[in-house]
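Here is the structure we will look at, set down as structure tokens.
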Amino acid sequence: MVKRNKKRMGTMLMSLFALILFAGCGNNATNNATTAAPASGGSSPNSTSAPAASSQQLQKVKYAAFNGVSGMAVQFGAEKGFFKEEGLDVEFISTQNPVPGLTSKDIDIADLATTQAIVAAGKGAPLKIVSSMFRTKGAFYLIARPEIQKIEDLKGKKVGAAVFGSGLDVYTQVILKKHGLAKNDVTLIANGVNDAAFASLTSGQVDATIIHEPFVSLAELSGKATLLAKGWDYLPNFHTGVLVSQNDFIAKHPDAVEKLLRAYFKSQEYAKSHLDEYKKFFLTQVKIDPAAVDKAFEREMVLWENKPDVNRQSLQETQQTQLELGFQDQIYDIDKILDLRYVPKQ
């Protein structure tokens, strides 16, 4: 059962800070607890879109955006009124795993790690990939204690792999393998994500860890860790983030799918092109050193592509990598998983 939480998303984000995609972009955790919060804000004075529809005309959509940093721009877009301008009354659902909510129809549309979407749909979950997210390359980083200066030095050490079986785990193993280290050359530890992963490193529980920004920049600025590898340098075509919708919702409300995708990318484009304004919003939601935010944004700007189309070849390569690591038992038919009729035209 999806619980409805009427508190502001800012409080939720600060308490959960700061999940990033495909985690998302990469987190396949199976915590099914969900909460919800309403989208807020009126129309934006800077928007060139049509005036916001009246409350009587707004169409209800239950949307599970990624928690934390990866879902921050859509929260910003909701504050700017972009979803209302598309005629949507969006209820944001917070969950670590939206697949059960999609299956039960408690969630209409969700951000999801690409691998999780492929495997879930391939095994019969009633959902389709309807778009890529604002970025599709793994914004994951391998960092280590300052005295460890190269990846080869991790032999015999403890390495945090976030969540076993997740995209973060994939990147960890591939990075190590490309530097001559097999799984049994290190001790892989499921040390969680973001602040949990960072704490495990600074406390000495692990010697290195895969992690998201802004913890990489925090580590560098504080001198607590050094950056060893950027994930996308090792797996440039591994697809990490998609939007999915449950099949029944697509069939009954195709217009709502199209509207939400437009509002999603409108939010992303506005945040990217009004970076100073977006950073101010970001810092009201996440209490962190502004210098770390500046550094993180600068590093990841190259990944912020805002391209909704889904590259089929990338999905095939992603599945092949999963298969080789034992994270998938077969290659699924992509054409049965994709429904790209509602991708915004660029």
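The values are calculated or read from the model by the stated rules, or taken from the named source; none is laboratory data. Since the model is a prediction, treat every value here as computed from it, not as a measurement. Note that each Cβ is placed from the backbone with ideal geometry, even for glycine, and that neighbours are counted across all protein chains shown. Accessible surface is based on the protein model in full, side chains and every heavy atom, while ligands, DNA and RNA are left aside. Shrake-Rupley method; radii C 1.70, N 1.55, O 1.52, S 1.80 Å.
Once the stretch 142-180 is narrowed to residues that are open to solvent by less than 60 Å² (accessible area, probe 1.4 Å) and among the charged types (D, E, K, R), the residue that is farthest from the chain's Cα centre (by Cα) is Asp153. Taking the conditions exactly as written (open to solvent by 10 Å² or more (accessible area, probe 1.4 Å) and at pLDDT below 95), does Leu323 satisfy them or not? In short, no. Where helices (runs of 4 or more DSSP H) sit wholly within the stretch 65-158, those with at least 3 residues that are of a type in the set (S, T, N, Q) and on the phi < 0 side of the Ramachandran plot occupy 114-122.
Just one of (1) open to solvent by 60 Å² or more (accessible area, probe 1.4 Å); (2) out of contact with any helix residue (DSSP H, G or I) (no Cβ under 8 Å at 6 or more places or on another chain); (3) not in a helix (DSSP H, G or I) fails for Val302. It is (3).
Matching residues to (1) of a type in the set (A, V, I, L, M, F, W, C); (2) surrounded by 18 or more Cβ atoms within 10 Å (Cβ to Cβ):
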| residue | (1), (2) |
| --- | --- |
| Glu213 | no, yes |
| Ala219 | yes, yes |
| Tyr264 | no, yes |
| Tyr278 | no, yes |
| Phe282 | yes, yes |
| Lys307 | no, no |
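In the condition set (1) of a type in the set (A, V, I, L, M); (2) under 18 Å from Ala162 (Cβ atoms); (3) open to solvent by 10 Å² or more (accessible area, probe 1.4 Å), Ile288 is compliant with all but (2). If you go through the stretch 221-245, how many residues are open to solvent by 40 Å² or more (accessible area, probe 1.4 Å) and in a loop (DSSP other than H, G, I, E, B)? Number of matching residues: 4. Of all the listed residues (Phe265, Phe249, Phe282), the sole one being assigned to a helix (DSSP H, G or I) and more than 19 Å from Arg135 (Cβ to Cβ) is Phe249.
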